[in-house]
Amino acid sequence: MIVASTVLLWAVLGWGVLLTGRAVVTARALRTARGAPVPAPGAGAPHVALLIPALREQDLLSEVVGAVARLDYPRELLHVVVVTTEREERDRRGHLAELPDLERRLLAASDDRAAAAQLSGVVPSSRAREVAARVRSATDPARVLRDEIAATPTTRDVAEKLLPEVAAQRPGTALHHVHYDESSGAKSSQLVYAVEQLGHLLPRDADPARTYIGVYDADSQPDRTTLRHLAHKTDRAERAGHTPPTLIQQLPLQLRRPHAARTGLADLTLRAHAVADLRRRMGVEAHRLRARARLRALRLPDGLRTVLDPVVYGIGAGLFVRHDMLVSIGMYEEPVDDLLIGYKLSSAGESAVVLPVHNLVDRYARVGALAKAYSLVALGSVVGCLRLLRDPALRAYGRRNTVTLVKEGLDTVWWFLGPPCVIAAVVVLSVQGAHRQLLVWAVAAGAYMVLHALISMGHAARFLESHEGAHERAEPLGGGSPALLLPLFLLQPVLHWLGPLRLAAARALGPLARRPLAMGKTER
């Protein structure tokens, strides 16, 4: 048991070192590609339809619409589609129906800041504290609360007013607003509805085989040169005699401060998480995309390439998929709109590339919101593996589908069971008196975490510096005592495990719970 536990701990540490090494190499390669001249999109550049699904995004909608409207791309090839949903109106009616309970929780809160947390999803987070203070100080709290909710415009109202204003500022930009009129379904359903409307929105010359459907969330601030790089990727593939890439991924930088962020240790922990997340972005997601592209260029035997091809993930905000292939694989699916797209395209052996520029997005404002997001991804991983196992259309891909299933199945199992295994190994070494082995490993792991933190902080600073776009609310590491972030990197494995832990708890305790555990969109 001592030998097995020691080997396990060193294997986990070795894997972390490998990821950091990959992150360094990948970040350097992307920096080189970002610095190379990129020609202006020519006559053969693809059409791009950018979908912006919006749910309770009154504060942020103007930011993202303005950002995508300013993208450096021919106006006739860029089509922006804001997708609102009836679910928001349904939820508002529900809040009004539960007004007495909401009023009671606001008045029972210890202070205005705590009361503001009770308004998550009811009013925009930037106004929550102000509204909470007015309600708590009012002589008729119920009336004031009802008036505040009723006076808050919906995202649909904001979109109807905003888009004509942006169109006047950016003549020639195709801006569309569609409203998903079903009150059920989450983000995936909104996106599917929007894709189904594209036949009426896109021009006749928008060939699906040369049109990309991209997705940006409301907190997205993509680099201004994003679509120039996308067109460059498609042009390079065609000049090499290949079809345009099926999937083009832009990676997010979670380095903006959200409106709902608070001060304190929890907030600093989430800042550290946003920086530490760059290791996964570079060492796993971007690395896999680059490795997949390199393997295709080598023209290996099909069987060997099937085994070596890494499985790529779809990352929603910044995910571009060719229109014809998106429709053929069944588009976006619940519960996660993006992850299964990567699984399905990997199973089909389709090409995928990564862009060298990033999408600046909000980090998480609360630990609970982070756990909620990770639990949704964990659920998507399980559902995706089951889909690979059972779906006849995917099983028809034979070995490719089997290899994808095995790789992602093992990855998902390790995400759920890895932390308990590491804890068990530490306990075994402690109980068996192998203190020297445990101490040596702990010192090495601590030194690695410091190195990992310094490298990640360096990546964050360079990525922010090179981002061509809006920097409002960006969190440069020069402020807020960056040295305090270092020890908080030790908590990152625990934060990463919150998702599977929360999902497992929801499934185990679900029948006993008063209400189902929320698995949907993180509130802003």
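Here is how the numbers come out for the structure above:
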| item | result |
| --- | --- |
| Residue check for Val284: assigned to a helix (DSSP H, G or I), out of contact with any Leu (no Cβ under 6 Å at 6 or more places or on another chain) and surrounded by 24 or more Cβ atoms within 10 Å (Cβ to Cβ) | no |
| Number of the exception - Leu410 against (1) open to solvent by 30 Å² or more (accessible area, probe 1.4 Å); (2) closer than 30 Å to Pro476 by Cα | (2) |
| Lone qualifier among Glu472, Glu468 - being at pLDDT 90 or above and outside any helix (DSSP H, G or I) | Glu468 |
| Selection count where residues are open to solvent by less than 40 Å² (accessible area, probe 1.4 Å) and either more than 14 Å from Thr211 (Cα to Cα) or assigned to a strand (DSSP E or B) (or both), scope the range 42-54 | 8 |
| Top-ranked residue of the range 333-385 - restricted to ones that are of a type in the set (D, E, K, R) and assigned to a helix (DSSP H, G or I), ranked as modelled with the highest pLDDT | Lys344 |
| Selected residue (only one of Arg292, Arg305, Arg271 is buried (at least 22 other Cβ atoms within 10 Å of the Cβ) and over 30 Å from Leu61 (Cβ atoms)) | Arg292 |
| Leu18 vs. criteria out of contact with any Leu (no Cβ under 8 Å at 6 or more places or on another chain) and either open to solvent by 40 Å² or more (accessible area, probe 1.4 Å) or in a strand (DSSP E or B) (or both) | yes |
| Test: Arg87 is in a loop (DSSP other than H, G, I, E, B) and either open to solvent by 10 Å² or more (accessible area, probe 1.4 Å) or more than 25 Å from Glu182 (Cβ to Cβ) (or both) | no |
| From the options Val81, Val38, Val64, residue that is within 30 Å of Pro208 (Cβ to Cβ), at pLDDT below 95 and open to solvent by less than 10 Å² (accessible area, probe 1.4 Å) | Val64 |
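The values are calculated or read from the model by the stated rules, or taken from the named source; none is laboratory data. Fair warning: this is a prediction, and the values are worked out from it, not measured in the lab. Here the Cβ is made from the backbone with ideal geometry for all residues, glycine too, and neighbour counts use every protein chain on show. Just so you know, the surface numbers come from the protein's heavy atoms only, side chains and all, with ligands and any DNA or RNA stripped out. Shrake-Rupley method; radii C 1.70, N 1.55, O 1.52, S 1.80 Å.
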